[in-house]
Amino acid sequence: MTHMDKSTPRGHYHPLTLMLNDIVSIYIELGFEVTEGPIVDSDWSNFEALNMKYGHPARDAQDTFYIKNKKGPDGLPMMPRTQLSQMQVMYPLAHKPPFKIVYFGKAFRNENMDATHEAEHSQIEAMVVSEKANLGELKGTIEHVLSKFFGTKIETRLRPGYFPFVEPGLEVDMKCFLCKATPGCPICKGIGWREVVASGMMNPIVLRNGGVDTDKWQGFAYAIGWDRLAMFKYGINDIRLFNAGDLRLTNQF
Amino acid sequence: MRLIVLHSFEIEGVKKVGDDYAIDIDVLSNRGHDALGHLGVARDLAVILDRDLTLPSRTYPLADFSTKDYITFGIDDTELVTRGIMRVVRDVKVGESPKWLADRLLTTGQRPINNIVDITNYVAYESVQPVHAYDLDKLAGNIKKIIVRDAKAGEKVKVLKGGEYELGERMLVVSDESHALDIAGVMGGADSSVDANTKNLLVWVGNFDPIYIRKTRKALKLITDATKRYEQGISNELARVSMDRTCALLSELAGGQIAKDEIDIYPSKQVEAVAKLKLVQFNSLVGVNLTSSELEGILNRMKRAGYVWTKIRDEYQIKVPGERLDVRELHEIVEEIARMYGYDKVKSKLALKNDFTPKVHKGFYYNSLIKKLLVEQLGFSELYNYVMSNEGELEFENSQVEGMSHLRSSMVPTIERNLVQNIKNADLLGLDQIRLFELNKVAYLSGEHWALGIGVKNTHTWKGAKESVMLSEAIKNLEEKLGSKGEWQIMGTQSGAIAEVNIEKLIQNLSTPSSYGHVLNATGMSKKFKPYSQYPFVLRDIALWTPVGTKSEDVEKIIKNEGGPSTNSGQGSWLVQITPFDTFTKGEQTSHAFHLVFQSMQRTLTDGDVNAVHVRITKALNTHPGFSVR
């Protein structure tokens, strides 16, 4: 009895898995280590250690799901992580610098969903801690990863941004490779640039919370919207399709 | 505008209002202290452009009476109210604002009311710091005893926008002897407000603990221009600036007589911040090679925004302007200087040193391997689902998202739902069996783990083994290829056969390889998605005799040519799937049978639509020698 013989049709990968394979392979080639953190996080590593102290607006219930029946070691309610940046303290607490790491998975936001808003969105974050990690390397690394991923040279521009765990904080826009700022372009909407990465130099407060000696080491970190980038890589117009459990999506890949 | 985007903030939009333009700036949340006022943005621009900034006038003549002739003033809790200034202004003439002021308010989306109210609103937009003016004569007593105090339990305040709010514990009010006048820091009260008959004013500028403001506006569900600003944290120093600017405008535009003094309660004065920086630190963090004179050039430009610097040996000591509560530490002054230098001048470098030996992540390696085996060897297709669910051990206390009140503790309900949903599309997908899986997290009270859920469901046309047999075959195959056995939860349901396993346990005794090998090879590099229709599809079968040896593909080609609604409709083909399901040869003839699936992107197809196409396909097939549709 051989149902699984050569006549078994091949199955299909989900597009986010294909994209992850492609992106992670680029990072591995650059010497990054893959790591991961838990999806259920404590107040300390999701907020406090990341320079979002008690009273910080990001802690608002309209952004964060709080778990009713599970408390962390600090006695505070736990939550599904609101971003992946927990690793900015978790990894250094367990490893000595220098390091280059990449980690990915789902982050959770307590917000209603539509074609461009997802309560459970997928992200890929990378972090480098070394003696001389700097904004030039940050820009260079991001451009390298995006260029390899899109198979064409990608230019980026840095703009001021604000995230409590990085300082300076930067938004990274990717120069549209589809059009020359044509109105109605699905990628850049005619602006010529598309915001793809949230980034910055690691805030020394965060590094110290991870037990890193900030007189010697400095770092940068950045997050790419895994699903958002997949949307324009593959031309998917609704972010909710990814988590919909629908073979009409998967079987096209 | 480009300069604002590159050096300061994102721009949401630009609108022409009358002869003016309103630029909608998305002020970053660490810049609310200064940039929620027009002057903050102007200071950035003065530095970026290296141009003079003309500050608005803050001078005014003093009358000979004293504020203390009219009021006493106290603050009960100076932890929550960090500064309060009260000043009396007499003999104002209430009327319409001059055109320039009314126009500016209109441009920023505000409605001009009268010159007094307009001045206080305008000053807040200019400087960030909210200002309020009471009608002095509406306050109780001869000498008005004004105090900022805790609200009494159940105390009510009628507010300016209309309506009455009942206050709770730890909310603050500004009060006279008789009652609470307003909700401090949130909104002015109705019964002390300025009207057409107002003669004398009590001008009030206060600063508050931002957390107090946020809690209060949330408890009251009352968001105002004032709470938006106070929530960001405003420098106590701005109270001074804003009081003076208000008095100058009241004097100039409303003929107000400004008291010769004020009552200023300011117990812990804001300490002047000095940020320290060495050139080498700036260059190291930003990744540039500025000379000290280049750095000093930028610091000199920053003087236009109120920065003052000196150099002591190789260290720059930079006094930060009072309103910039966000600039204290090394990284913060580096950001400030780098913004003004221009991030566009930072050159890309890919010079990451190989001073680190990465390890293979065991969990990720095996997750990827298991996916590869399932997809490429066992014919399963991968789905992603929500980890959030309407059931599970972990429950949220505050979900705003429908159907997402828990984190799932098991894959089984998800996989069951996936089978039910996807079997409906089996014909559309050209499948006679649904084989799917998800590899993702489950979470519960004692922890979380990576889990694999797999499901099999046959359609009525499936001729192979039973679902449960297929599933156990797949599990056996997977375990053999992995070289490890797991504890599977297996069940047969109405919706199909389902299994779940804890992957972390399944791989626990396997070793970690030294490289990822081929497990990440499957690529999406050249893939594109085609949107699928939201409308139902229609299934029709067609069977025909053909001369012996006729290939299925050749028949399909003829069918596809005729699949559209009509030749020139521009709607594209309705025939979205052709699946051969039966082929046999009898004598000189070969029989072919196909499932044809019709669906439109634009609408629900009727029987009539599909019949018409079916007739054309039949006609086209029958014109071929030896073809005969049955």
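If you place +1 on the Cβ of every Lys and Arg, -1 on the Cβ of every Asp and Glu, and leave all else neutral, what size is the dipole of the stretch A:103-253 about its Cα centre, to the nearest 20 Debye?
Approximately 480 debye in magnitude.
Over the stretch B:85-197, what is the mean sequence separation of C-alpha contacts under 8 Å (at least six apart), divided by residue count, expressed as relative contact order in percent?
21 percent
Taking the Cα atoms only, what angle lies between the long axis of helix B:38-49 and the longest principal axis of chain B, rounded to 10 degrees?
It works out to around 80 degrees.
Lys and Arg at +1, Asp and Glu at -1: add these up for the other residues within a Cβ distance under 12 Å of B:E562 and post the number. Don't jump to the answer; show the numbers that get you there.
Numbers: positive: B:K557, B:K560, B:R616, B:K619; negative: B:E556.
Its environment carries a net charge of +3.
Would you grab the residues whose amide H sits under 5 Å from the one on B:K145? Only those 5+ places off in sequence or on another chain, please, with H modelled 1.01 Å from N.
B:T72, B:E177
Cα-Cα pairs above 16 Å in the stretch B:131-190: how many percent?
Pairs farther apart than 16 Å: 38 percent.
Report Rg/Rh for the protein assembly as shown, rounded to two decimals, where Rg is the Cα radius of gyration and Rh the Kirkwood radius. Walk me through the numbers on the way to the answer.
Numbers: Rg = 33.6 Å, Rh = 31.7 Å.
Radius of gyration relative to Kirkwood radius: 1.06.
Run the numbers on chain B and let me know its relative contact order in percent, using alpha-carbon pairs under 8 Å that are six or more apart.
Relative contact order, chain B: 11 percent.
What GluC sites (Glu not before Pro) in the stretch B:272-305 are in a loop by DSSP, with at most 13 other Cβ atoms within 10 Å of the Cβ?
Answer by residue number: B:E272.
Can you give me the accessible area per residue for the stretch B:241-364, using a 1.4 Å probe, in Å²? If you can, show how the numbers build up before the last one.
Working: 5620 Å² over 124 residues.
Per-residue value: 45 Å².
Count the net charge of all other residues whose Cβ sits under 14 Å from the Cβ of B:L428, scoring Lys and Arg as +1 and Asp and Glu as -1.
Neighbourhood net charge equals +1.
Taking a 18 Å limit on the Cα-Cα distance, which of the listed pairs B:K371/B:K481; A:K132/A:K216; A:K189/A:K233; A:K233/B:K530; A:K106/A:K139 fall beyond it?
A:K106/A:K139, as the Cα separations exceed 18 Å there.
List the GluC sites (Glu not before Pro) in the stretch B:351-439 that DSSP assigns to loop (not H, G, I, E or B) and whose Cβ has at most 11 other Cβ atoms within 10 Å. Which are they?
Filter output for the stretch B:351-439: B:E402.
Quick one: pull the percent of accessible area on the protein assembly as shown belonging to carbon and sulfur, 1.4 Å probe, ligands and nucleic acids left out.
Summing carbon and sulfur atoms, their accessible area is 50 percent of the total for the protein assembly as shown.
Note the direction-averaged projected area, equal to a quarter of the hull surface, for the Cα convex hull of chain B, in nm².
Mean shadow area of the hull around the Cα atoms is 43.7 nm².
With angles folded into 0 to 90 degrees, how steeply does helix B:292-302 sit against the dominant principal axis of chain B? Use alpha carbons for both and round to 10.
Tilt relative to chain B: about 70 degrees.
Distances over 16 Å make up what percent of all Cα-Cα pairs in the stretch A:123-172?
47 percent
So what's the convex hull volume per residue for the Cα atoms of the stretch B:159-201, in Å³?
About 89 Å³ per residue, rounded to a whole number.
Using only Cα atoms, tell me the angle between helix B:412-423 and the longest principal axis of chain B; keep it within 0 to 90° and round to the nearest 10.
Roughly 60 degrees, rounded to the nearest 10.
Which pairs in the list B:K441/B:K505; B:K372/B:K441; B:K269/B:K319 are over 23 Å apart, alpha-carbon to alpha-carbon?
Numbers: B:K441/B:K505 13 Å; B:K372/B:K441 18 Å; B:K269/B:K319 16 Å.
Listed pairs above 23 Å: none.
Which loop-located GluC sites (Glu not before Pro) does the stretch B:468-565 contain, where loop means any DSSP state but H, G, I, E or B and the Cβ has at most 14 other Cβ atoms within 10 Å?
Counting only loop positions with at most 14 other Cβ atoms within 10 Å, the GluC sites (Glu not before Pro) in the stretch B:468-565 are B:E487.
Could you work out [θ]222 nm for the protein assembly as shown from helices alone, using -39500 (n - 2.57) per DSSP H run of at least four and dividing by all its residues? Round to the nearest 500 deg cm²/dmol.
Using -39500 (n - 2.57) per qualifying helix, the result is -8000 deg cm²/dmol.
If r is the Cβ-Cβ distance from B:N354 to B:K276 and R0 is 35 Å, what FRET efficiency results, to the nearest 0.05?
Plugging the Cβ-Cβ distance into 1/(1 + (r/R0)^6) gives 0.55.
Please list, in chain and number order, the residues 5+ apart from A:L170 or on another chain whose amide H is under 5 Å from its amide H, with Hs placed from the backbone.
A:G161, A:S199, A:G200
Give me the distance between the Cα centres of the stretch B:1-26 and the stretch B:190-235, rounded to whole Å.
Centre-to-centre (Cα) distance: 27 Å.
Take the Cα radius of gyration of the stretch A:17-156 and divide it by 2.2 N^0.38 Å, with N its residue count; two decimals is plenty.
1.15
Residue by residue through the stretch B:240-257, what is 3J(HN,Hα) from phi via Karplus (6.51 cos²θ - 1.76 cosθ + 1.60, θ = phi - 60°)? Round to whole Hz and write x for glycine and proline.
4, 4, 6, 4, 5, 5, 5, 4, 4, 6, 5, 5, 6, 9, 10, x, x, 8
When the label point is put 7 Å from the Cα of B:L62 along its Cα-to-beta-carbon vector, which residues of the stretch B:131-146 have a backbone N closer than 17 Å?
none
Given a 1.4 Å probe and no ligands, DNA or RNA in the count, how much accessible surface is buried by B and A, both sides, to the nearest 100 Å²?
Summing both sides, the interface buries roughly 9400 Å².
Count the lysine pairs in the stretch B:1-139 whose Cα atoms lie under 21 Å apart, taking only pairs 8 or more positions apart in sequence or on different chains.
Total qualifying Lys-Lys pairs in the stretch B:1-139 comes to 4.
Determine, from the Cβ-Cβ distance of A:T214 and A:N69 and an R0 of 35 Å, the FRET efficiency 1/(1 + (r/R0)^6), rounded to the nearest 0.05.
0.40
For the stretch B:228-384, how big is the tail of P(r) above 29 Å, as a whole percent of Cα pairs?
Tail of the P(r) past 29 Å holds 53 percent of the pairs.
How big is the Cα convex hull of the stretch A:155-253 in projection, averaged over all directions, in nm²? If you can, show how the numbers build up before the last one.
Working: hull surface 34.8 nm².
Value for the stretch A:155-253: 8.7 nm².
For the stretch B:137-184, calculate the relative contact order in percent as a whole number, restricting contacts to Cα pairs under 8 Å that are 6 or more residues apart.
That works out to 40 percent.
Along the charge dipole of the protein assembly as shown, Cβ charges K/R +1 and D/E -1, which of B:H592, A:I26, B:V469 sits furthest on the positive end?
So the residue we want is B:H592.
The values are calculated or read from the model by the stated rules, or taken from the named source; none is laboratory data. Everything numeric here is computed off the predicted structure, so don't read it as measured data. When we count neighbours, we look across all protein chains shown, and the Cβ atoms used for this are built from the backbone with ideal geometry, even at glycine. Ligands, DNA and RNA are excluded from the accessible area calculation, which covers all protein heavy atoms including side chains. Shrake-Rupley method; radii C 1.70, N 1.55, O 1.52, S 1.80 Å.
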